[in-house]
Amino acid sequence: MRLADGCGIDLSEFYHADKIPGIILPFVEGYLDVLADGNCGFRVVADYVFGNEEQWRVMRVCIANEILANRALYEHIYFDGVDAGYRRIMWDGGACLQDHWMTVVEDLFPIANIFNAAIMLFGYGNGRNLYACCTVLPLRAASTTTRPDQEFVIAHLGDSYQHYIRLNLAPDFPVPPIVSLWFRSRSDSVVGWEDLYERRRARWDRLASSM
């Protein structure tokens, strides 16, 4: 189901509303519920990049090639190793089981790097905790680049319902914490990019503390 950007959304019709933190529900203007075939995370990103979730195979190839070509950059990102990550991502056989699902936050880093995107992930962890909400920024940037070019917003629909959807949010929505792994692994070219989100981060913290 897709709702047009900017049209607003009737939360009574948003059947995933109970799986998404209430902090951002007022900012939801639309969403895309991609096919739940095990490739859903890659489908969401393919829709952002190509405007077509069916390009998920191309997206998998892009990500797999990125981590293999930049092994040193990702060896501290992929906890099971770059080769294991490559084998998991490099899948084109259609519907898949968990062995080939997107893994967060690891897979979000190459996506952020390839497309110079800030990626906001929203979802609940165990006990409806907000620790599952985070922001991933590029680990590197060209010398002429001073900020992310775009924002990808992904919702992870809970531990019991392993599925990703795309969220279309109103401008200036609150931004969840930047993952600590970014601070430990980033290059000098993106130092200071966290300051771009300081105001929106503070807004998230205020809303989270009032829940």
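The values are calculated or read from the model by the stated rules, or taken from the named source; none is laboratory data. Nothing here was measured: the structure is a model prediction, and the numbers come from that model. Positions of Cβ are backbone-derived with ideal geometry, glycine not excepted, and every protein chain shown enters the neighbour counts. Note: accessible area is taken over every heavy atom of the protein model, side chains too, but ligands, DNA and RNA are not part of it. Shrake-Rupley method; radii C 1.70, N 1.55, O 1.52, S 1.80 Å.
If you project the alpha carbons of segment 161-210 onto their three principal axes, what span does each projection cover, largest first, in Å?
So the three principal-axis extents are 35, 28, 21 Å.
I need the shape label for segment 92-155. Rule: rounded when a/c is under 1.5, else prolate if a/b > b/c, else oblate, with a, b, c from the alpha carbon gyration tensor.
Verdict is oblate for segment 92-155.
Sum -39500 (n - 2.57) across every DSSP H segment of at least 4 residues in the chain, then divide by the residue count to get the 222 nm mean residue ellipticity, nearest 500. Before the final figure, lay out the partial values.
Values: 7 runs with 63 residues, N = 211.
Taken over the chain, the calculation gives -8500 deg cm²/dmol.
Given an 8 Å cut-off on Cα distances and at least 6 residues of separation, report the relative contact order of segment 32-100 as a percent.
Working: 72 pairs, mean separation 21.3, N = 69.
Once divided by the residue count of segment 32-100, the mean separation gives 31 percent.
Please give me, ordered by residue number, the chymotrypsin sites (Phe, Trp or Tyr not before Pro) of segment 61-136 that lie in loop per DSSP and have at most 13 other Cβ atoms within 10 Å. Spell out each step's value before the answer.
Details: sites: 74, 78, 79, 86, 91, 101, 115, 122, 124, 131; in loops: 78, 79, 91, 101, 124.
Taking segment 61-136 and a limit of 13 other Cβ atoms within 10 Å, the loop chymotrypsin sites (Phe, Trp or Tyr not before Pro) found are 79.
Leaving out ligands, DNA and RNA, and with a 1.4 Å probe, what % of the accessible surface on the chain is carbon or sulfur?
That share works out to 50 percent.
State the extension gain, in nm to one decimal, for the chain segment bounded by residue 76 and residue 128, taking 0.36 nm per residue of separation less the distance between their alpha-carbons.
Values: separation 52, 0.36 × 52 = 18.72 nm, distance 2.86 nm.
That pair, residue 76 and residue 128, stretches by 15.9 nm at full extension.
Could you work out the relative contact order of the chain, using alpha carbon pairs under 8 angstrom and six or more residues apart, expressed as a whole percent? Provide the component values of the computation, followed by the final result.
Values: 360 pairs, mean separation 46.5, N = 211.
Computed over the chain, the figure is 22 percent.
Need the full-extension length gain, residue 58 to residue 99, defined as separation in residues times 0.36 nm minus the C-alpha distance. One decimal, nm. Spell out each step's value before the answer.
Details: separation 41, 0.36 × 41 = 14.76 nm, distance 1.85 nm.
Between residue 58 and residue 99, full extension yields an extra 12.9 nm.
Between residue 196 and residue 84, what's the calculated FRET efficiency when r is the beta-carbon distance and R0 is 22 Å? Round to 0.05. Each step should come with its number before you reach the end.
Values: r = 33 Å, r/R0 = 1.50.
The formula returns an efficiency of 0.10 here.
So, counting K/R as plus one and D/E as minus one, what does the shell of residues with Cβ under 15 Å around residue 73 add up to? Kindly include the intermediate steps, with their values, before the conclusion.
Details: positive: 71, 140, 184, 186; negative: 66, 75, 83, 106, 107, 188.
In short, -2.
Where the centroid of each part is defined by its Cα atoms, how far is segment 189-211 from segment 136-154 in Å?
Here the two parts' Cα centres lie 16 Å apart.
Out of all Cα-Cα pairs in segment 24-157, roughly what percent, to the nearest whole number, are more than 22 Å apart?
That tail contains 37 percent of the Cα-Cα pairs.
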